[in-house]
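The structure under discussion appears below in the form of structure tokens.
The values are calculated or read from the model by the stated rules, or taken from the named source; none is laboratory data. This structure is a prediction, so every number in the text was calculated from the model and none was measured. When we count neighbours, we look across all protein chains shown, and the Cβ atoms used for this are built from the backbone with ideal geometry, even at glycine.
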Amino acid sequence: MTTSSAGVLTKLFREAGRPLLMPYAMGGYPDPESCLRILGAYVDNGADLIEVGIPFSDPLADGPVIQAASQAALSRGVSPAAVLDIAAAAAGEGAGVVLLSYLNIILAFGTERFFDRCRDGGILGVVVPDVPVEEAAELQTIARERGVDVILLAAPTSTNTRLARIAAAASGFIYCVSTAGVTGARASLSADLPRFIARLRTQTDLPLAVGFGVSTAEQADEVGRCADGVIMGSALVDMVAGSERLEDALAEIADTLQRVRRMPSFSK
């Protein structure tokens with residue numbers, strides 16, 4: 001087993017005594033001001049961490065809901081710099097913030113400049129879904145010099161050998177993909193998820209957070225029984241997309257997150 005040194009993100013998980021709830025929002029969607037209100041609603045209704053995506057033209061890990069939100073934000077001119085500002089504002093209000101960014105965004109921004117902005121804005125980590133462990137070392141070195149974790153992903157299709165490689169390189173937490181495929185709400189989660197989490201636990205003592213497809217309070221509770229964190233994305237983004245008024249979306253979001261926090265695995 002790989003034993004980790006605990007940074008800020010890792011300590012947040014370890015000190016909680018229960019799974020952490022991490023809702024996702026597309027940065028700048030439906031507009032920057034509304035996005036800040038959404039992030040505030042997340043924190044006000046029980047989020048322990050928030051994940052903010054940077055809009056990208058080719059989000060290969062994302063399903064149609066987040067793809068559409070990304071395109072809408074891009075069409076409004078939302079830039080990576082604008083999302084870094086939004087994330088920093090949320091962190092300044094006391095939220096623990098993790099970004100999700102595809103590699104091209106970071107490279108185009110300038111890797112050192114990007115992680116300088118993360119450090120200065122209080123961003124704790126960055127999930128980079130299109131960087132495999134074999135290509136992550138340089139990015140991780142630059143980020144770690146600035147106190148920021150690059151969050152690696154692990155999939156249920158990974159062999160134990162590959163999980164060991166991911167565990168050895170990871171920091172902060174490991175983002176566990178619940179099932180093969182892209183993000184998006186699902187009617188049910190994989191029955192193999194607990195077995196996957198158990199396999200990964202033999203390789204690392206880092207916290208394990210599960211995302212991709214967690215869309216209801218009941219599913220979040222199911223994940224919370226075996227994982228250290230639950231990431232909810234598409235279902236919440238879809239509430240914004242499907243509401244004519246932001247206030248209606250905020251009310252639905254609040255109800256969903258409060259229901260998650262009342263679930264047994266989150267009430268420890």
Quiz item: Any residue in segment 50-68 that is within 16 Å of Pro23 (Cα to Cα), charged (D, E, K, R) and crowded, with 19+ Cβ neighbours inside 10 Å?
Solution: yes
Quiz item: Just a yes or no: is a residue in segment 246-256 among the polar types (S, T, N, Q), over 28 Å from Cys35 (Cα atoms) and at pLDDT 95 or above?
Solution: no
Quiz prompt | Selection status of Ala69, over 20 Å from Val8 (Cβ atoms) and in a helix (DSSP H, G or I) | solution = yes
Quiz item: In segment 245-268, what residues are assigned to a helix (DSSP H, G or I), within 15 Å of Glu222 (Cβ to Cβ) and either in contact with a Cys (Cβ under 8 Å, 6 or more places away or on another chain) or among the hydrophobic types (A, V, I, L, M, F, W, C) (or both)?
Solution: Val260, Phe266
Self-check item: Residue within segment 26-47 that is small (Gly, Ala, Ser), under 24 Å from Ala143 (Cβ atoms) and touching a Cys at 6+ places or on another chain (Cβ under 8 Å) present
Solution: yes
Quiz item: Say we look at segment 38-85 and pick out the residues that are acidic (Asp, Glu) and within 24 Å of Ala251 (Cα to Cα); which of these is farthest from the chain's Cα centre (by Cα)?
Solution: Asp44
Practice problem: Find all pairs meeting these conditions: Cβ atoms under 8 angstrom apart; at least six residues apart or on different chains; first residue within segment 111-126 and closer than 17 Å to Ala170 by Cβ; second residue of a type in the set (S, T, N, Q). | Solution: Val126/Ser101
Quiz item: Restricted to segment 6-27, and to residues that are under 16 Å from the mean Cα position of the chain (by Cα) and more than 17 Å from Ala235 (Cα to Cα), which residue is surrounded by the most Cβ atoms within 10 Å (Cβ to Cβ)?
Solution: Pro19
Quiz item: Out of Ala69, Ala25, which single residue is more than 30 Å from Ala167 (Cα to Cα), in contact (Cβ under 8 Å) with a residue 40 or more places away in the chain and in contact with a helix residue (DSSP H, G or I) (Cβ under 6 Å, 6 or more places away or on another chain)?
Solution: Ala69
